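The values are calculated or read from the model by the stated rules, or taken from the named source; none is laboratory data. Remember, predicted model here, so these are calculated numbers, not experimental data. Positions of Cβ are backbone-derived with ideal geometry, glycine not excepted, and every protein chain shown enters the neighbour counts.
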Amino acid sequence: MLTMRNIQVRRDQRLILSLDSLDIAPDQFTVILGHNGSGKSTLMNLIARQFKPDQGRIELDGKSLAKYSQREFARRVAFLPQRLPEVAGLTVRELVRLGRFPWRGLLGRWQTEDNQVVERALVETDIAHYAEHLADSLSGGERQRAWIAMLLAQQAPLILLDEPTSALDLAHQYELMGLLRALNREAGRGVVAILHDINLTTRHADRIIALKAGRVHFDGPPAKLLCHDMLSRLYDIDIQLVDQPGQANKIAVVG
């Protein structure tokens, strides 16, 4: 369990995130929503230990994040930033192998288990047929799959993704979300992702944390967020809900 208590983050003396109490279960698919500047990336970076809060405490399984070594933390939490690092010259398989670093280090002896984990990650993300291709030569959707395969090879129980669909076309967005949903349900990996698309979120998430002006505006299941008043207040624009053919949930559209 990831717990956050009395969190405050400031920039230039301005309060940009304030959380009294927030718990994130490790077995759910949690999506963080909100308009630009709402504090989404700040929250994600705190969880990913990219920086520390100005006030408050964050614990993972009862232990302060600050007390984990880098390697120990990487065995528990895998993080994919919004902008993917360049990996010039690395094949997809070599990229995925980097996920084993927290377990083997630079000089650790490579085990049969490591090869099995890498190959399984390639298969689970449907990227094995690109294993010998250069990772940076792939299309946006394929490259995202390669990086997620690397996260799977890391074998951390919690996966964090900062706007993983932002550079993808509509088809690849739904494809990627389906993959993450399957990994959550079938492989038991907890997933926390920042998204912008309300309808994509409500279709796949177990839980939605919606931020507004640095505070939690909504926290609950998708069905409860699908409310005209709630969504309109969250985004400061009239949002209507309409029936979606073949789906139980309505979809949100700007009125």
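Answer yes or no: is there a residue in segment 207-214 that is touching a helix residue (DSSP H, G or I) at 6+ places or on another chain (Cβ under 7 Å), among the hydrophobic types (A, V, I, L, M, F, W, C) and within 30 Å of R71 (Cα to Cα). Scanning segment 207-214, I find at least one residue that is touching a helix residue (DSSP H, G or I) at 6+ places or on another chain (Cβ under 7 Å), among the hydrophobic types (A, V, I, L, M, F, W, C) and within 30 Å of R71 (Cα to Cα), so the answer is yes. Of everything in segment 92-113 that is within 24 Å of the chain's Cα centre (by Cα) and not hydrophobic (A, V, I, L, M, F, W, C), the residue that is surrounded by the most Cβ atoms within 10 Å (Cβ to Cβ) is G99. Exactly one residue out of V87, V92, V118, V96 is touching a helix residue (DSSP H, G or I) at 6+ places or on another chain (Cβ under 6 Å) and more than 22 Å from L180 (Cα to Cα): that is V87.
On the basis of being over 30 Å from T201 (Cβ atoms) and under 20 Å from the mean Cα position of the chain (by Cα), does Q70 make the cut? Spell out the reasoning first.
On the way: over 30 Å from T201 (Cβ atoms): yes; under 20 Å from the mean Cα position of the chain (by Cα): yes.
Here the answer is yes, as Q70 does meet what is asked.
Only one of the numbered conditions (1) assigned to a helix (DSSP H, G or I); (2) crowded, with 22+ Cβ neighbours inside 10 Å is not met by L161, and that is (1). With respect to the stated conditions, I239 is of a type outside the set (S, T, N, Q) and over 19 Å from G178 (Cβ atoms). Inspection of segment 170-188 identifies no residue that is assigned by TED's automatic domain parsing to the domain that holds V31, touching a residue at least 60 places away in the same chain (Cβ under 8 Å) and touching a Ser or Thr at 6+ places or on another chain (Cβ under 7 Å).
With respect to the conditions (1) buried (at least 18 other Cβ atoms within 10 Å of the Cβ); (2) modelled with pLDDT under 95; (3) in a strand (DSSP E or B), I32 falls short on a single one, namely (2).
Restricting segment 86-107 to residues that are assigned to a loop (DSSP other than H, G, I, E, B) and either touching a Phe, Trp or Tyr at 6+ places or on another chain (Cβ under 9 Å) or in contact (Cβ under 8 Å) with a residue 12 or more places away in the chain (or both), the residue that is farthest from S137 (Cα to Cα) is G105.
Here is a check on your reading of the model: is D219 more than 24 Å from G37 (Cβ to Cβ) and acidic (D, E)? Spelling it out, it is not the case that D219 is more than 24 Å from G37 (Cβ to Cβ) and acidic (D, E). Within 22 Å of Y130 (Cα to Cα) and modelled with pLDDT of 85 or more - does that describe any residue in segment 182-198? Yes, segment 182-198 contains a residue that is within 22 Å of Y130 (Cα to Cα) and modelled with pLDDT of 85 or more.
Residues in segment 29-69 that are touching a Phe, Trp or Tyr at 6+ places or on another chain (Cβ under 7 Å) and not hydrophobic (A, V, I, L, M, F, W, C) were compared, and the one that is farthest from P81 (Cα to Cα) is H35. The helices (runs of 4 or more DSSP H) found entirely in segment 165-255 that carry 2 or more residues being surrounded by 16 or more Cβ atoms within 10 Å (Cβ to Cβ) and of a type outside the set (A, V, I, L, M) are 170-186, 198-204, 228-235. Any residue at all in segment 6-17 that is within 28 Å of R185 (Cα to Cα) and either in a strand (DSSP E or B) or not aromatic (F, W, Y) (or both)? Within segment 6-17, none of the residues are within 28 Å of R185 (Cα to Cα) and either in a strand (DSSP E or B) or not aromatic (F, W, Y) (or both).
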